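Inspection log for the structure reproduced underneath, given as structure tokens.
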Number of protein chains: 2
Amino acid sequence: MAAFELNDRLRDDSDFIVALGLCELRLMDDRRWPWLVLIPQRPGIEELFELKPLDQALLTFETNLVAEALKKVAEATKVNVGALGNIVRQLHVHVVARRENDPNWPGPVWGFGARESYGADEKKALIEKILRAI
Amino acid sequence: MAAFELNDRLRDDSDFIVALGLCELRLMDDRRWPWLVLIPQRPGIEELFELKPLDQALLTFETNLVAEALKKVAEATKVNVGALGNIVRQLHVHVVARRENDPNWPGPVWGFGARESYGADEKKALIEKILRAI
């Protein structure tokens, strides 16, 4: 079986935070909303149900761990969790902190407007906050 | 603790299919895309991580069971799974069959255009197909 390799677009749009047991955790470079992506480090998987049962359980655990931490760090109103993959097929789970005054509340973040990059210091500080919270 | 009661808007927008171990499974009345909703029958839960660990595992199992069945029934290109809850706060998981010629491909279904209701026979036939597949 081929080794796991991160999709190019996911790599370009986000920054590495940490490798968890199953997933690589990354921060989307979009300061409009604190937005994490979890990518299970398994090759050739596109749908959640294609993961082995143990990996499904691990992904649930890691998603919920990260979602709870992000909600606190971002002081969010609601966390949005989604696995879409219509554009990038490599399985990845979005965990997005939403606030009532954000640019597309209460609509979804996917496909909305253009990404706004973080400043370097701002990004570093947010990654450190997330690491401390998980 | 209060008993579980289905949110009014979820009830109005969808039809009952079956009660699984944890979730009520419903069909969104929107013929633009085959769209299921799973609602964990637990009162007072808004975020995935607020469920007890066993319920988190059950929800994952039921979501993936239903997603795999829907992908086959709908001959879908991709399944989109999401828990948003920005409008209806009662925890619910969307499982949507997407096809490359659907009205908002590859964008998300949430917040897009207006719902188109099924005809009664069409709805009944789809619910029967889904029940046979799960």
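Things worth noting here:
- Inter-label distance, B:Arg89 to A:Phe4: 3.6 nm, where each label sits 7 Å from its Cα along the C-beta direction.
- A Stokes-Einstein calculation at 20 °C with viscosity 1.002 mPa s, built on the Kirkwood radius of the protein assembly as shown over Cα pairs, returns a diffusion coefficient of 113 µm²/s.
- Virtual paramagnetic centre 7 Å along Cα→Cβ of A:Val18, amide N under 16 Å, in the range A:58-102: A:59, A:61-74
- Kirkwood hydrodynamic radius (C-alpha pairs) into Stokes-Einstein, the range B:8-133, 37 °C and 0.692 mPa s, D in µm²/s: 221 µm²/s
- Each residue of the range A:71-85 was assigned a 3J(HN,Hα) from its phi angle through the Karplus curve 6.51 cos²θ - 1.76 cosθ + 1.60 (θ = phi - 60°); the sequence is 4, 5, 4, 8, 6, 7, 6, 7, 9, 9, 10, x, 10, 9, x Hz, with glycine and proline shown as x.
Values in this text are rule-based calculations from the coordinates and carry no lab data. Fair warning: this is a prediction, and the values are worked out from it, not measured in the lab. So basically every Cβ, Gly included, is an ideal-geometry build from the backbone, and we count neighbours across all protein chains shown.
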